[in-house]
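The values are calculated or read from the model by the stated rules, or taken from the named source; none is laboratory data. Note that the structure is predicted; figures quoted are calculated from it, not measured. Ideal geometry is used to build each Cβ from the backbone, glycine not excepted, and the neighbour counts take in all protein chains shown.
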Amino acid sequence: DTPLSACSGALDHDENGSQTCPRCGQRYIGTSANGRTRRYRYYTCFTRTRYGKHATCDAPRLPADDLDNAILTALHDFYTTAEPVLTAMIERAHAQRAATTDDRAAEAAALAHQITTTEAAIDRYHTAFENGTMDDATAGPRIRELRQQLAQLHTRHAELAAGLAAQPSPPAPGTIALIRDYLTTIMTSGSDTERKAAIETLIAEVQLTDQGVVPVFKIPTETTMPPPETDGGTSGVPPVRTMVRSVGRQGLEP
């Protein structure tokens with residue numbers, strides 16, 4: 001994470017990838033305003049856009065160009081030194097995994113025993129019902145309860161198994177250099193659409209904190225990098241981009 005000065009709060013993504021306002025929970029949307037010589041783009045909370053900043057939400061309006069430029073710069077700076085950083089992170093992750101492997105393996109074994117026991121109990125209730133020694137009013141609710149417990153046990157066991165099997169690993173060889181070169185090109189000559197694609201591909205989350213705007217980076221594989229445009233940026237995609245994260249406090253309008 002790379003903090004840069006901004007305003008307080010936290011800017012999160014909703015399930016569709018849009019950013020949400022830290023104060024009212026509505027989406028940030030692209031807006032614009034005409035100046036004397038140019039048109040200015042912003043990211044603005046929907047509540048403020050709809051009802052005005054003094055109505056129910058006074059979240060700051062964020063200058064889109066400044067934010068996009070700052071986040072691309074932060075991304076480029078990160079990928080310039082990413083390889084030693086990633087190596088250190090992976091080493092720490094391996095150490096943490098080694099310290100907790102025995103506990104997680106023991107929990108997985110205990111869950112496997114609970115799963116077997118619960119399945120056997122369900123079978124006993126079915127047998128009792130089929131033999132006529134227990135009526136449906138008694139067996140039915142208990143079987144449903146045990147099935148719910150069994151589903152939860154299976155879910156947790158699968159999570160533990162996946163965690164024990166997964167191993168932190170670096171990106172494929174050449175991926176970091178590819179991303180760094182890609183960002184250099186986007187920053188110097190990229191269209192609005194290409195800049196949007198780079199940001200959406202490489203940013204996992206945006207947070208506005210008391211210490212600043214914090215970009216949370218994600219490390220994609222080479223195959224997930226967005227391809228460069230071939231139409232000179234005239235693909236028809238609107239130039240409003242996903243909210244990104246980093247601009248100086250002086251760039252924020254209250």
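In summary, residue 150 fulfils each of the numbered conditions (1) closer than 30 Å to residue 102 by Cα; (2) loosely packed, with under 14 Cβ neighbours inside 10 Å; (3) modelled with pLDDT of 90 or more with the single exception of condition (2). Of all residues in the stretch 163-190, those being in a helix (DSSP H, G or I) and of a type outside the set (Lys, Arg) number 17. Evaluation of residue 79 against the conditions (1) surrounded by 13 or more Cβ atoms within 10 Å (Cβ to Cβ); (2) at pLDDT 90 or above shows that the sole unmet condition is (2).
For residues that are in contact with a helix residue (DSSP H, G or I) (Cβ under 9 Å, 6 or more places away or on another chain) and either surrounded by 13 or more Cβ atoms within 10 Å (Cβ to Cβ) or among the aliphatic types (A, V, I, L, M) (or both), tally how many sit in the stretch 113-137. Break it down stepwise before answering.
To start, the set of residues in the stretch 113-137 that are in contact with a helix residue (DSSP H, G or I) (Cβ under 9 Å, 6 or more places away or on another chain) comprises 114-115, 118-119, 121-122, 125-126, 128-129, 133-136.
With the extra rule that they be either surrounded by 13 or more Cβ atoms within 10 Å (Cβ to Cβ) or among the aliphatic types (A, V, I, L, M) (or both), the set shrinks to 114-115, 118-119, 121-122, 125-126, 128-129, 134.
The total comes to 11.
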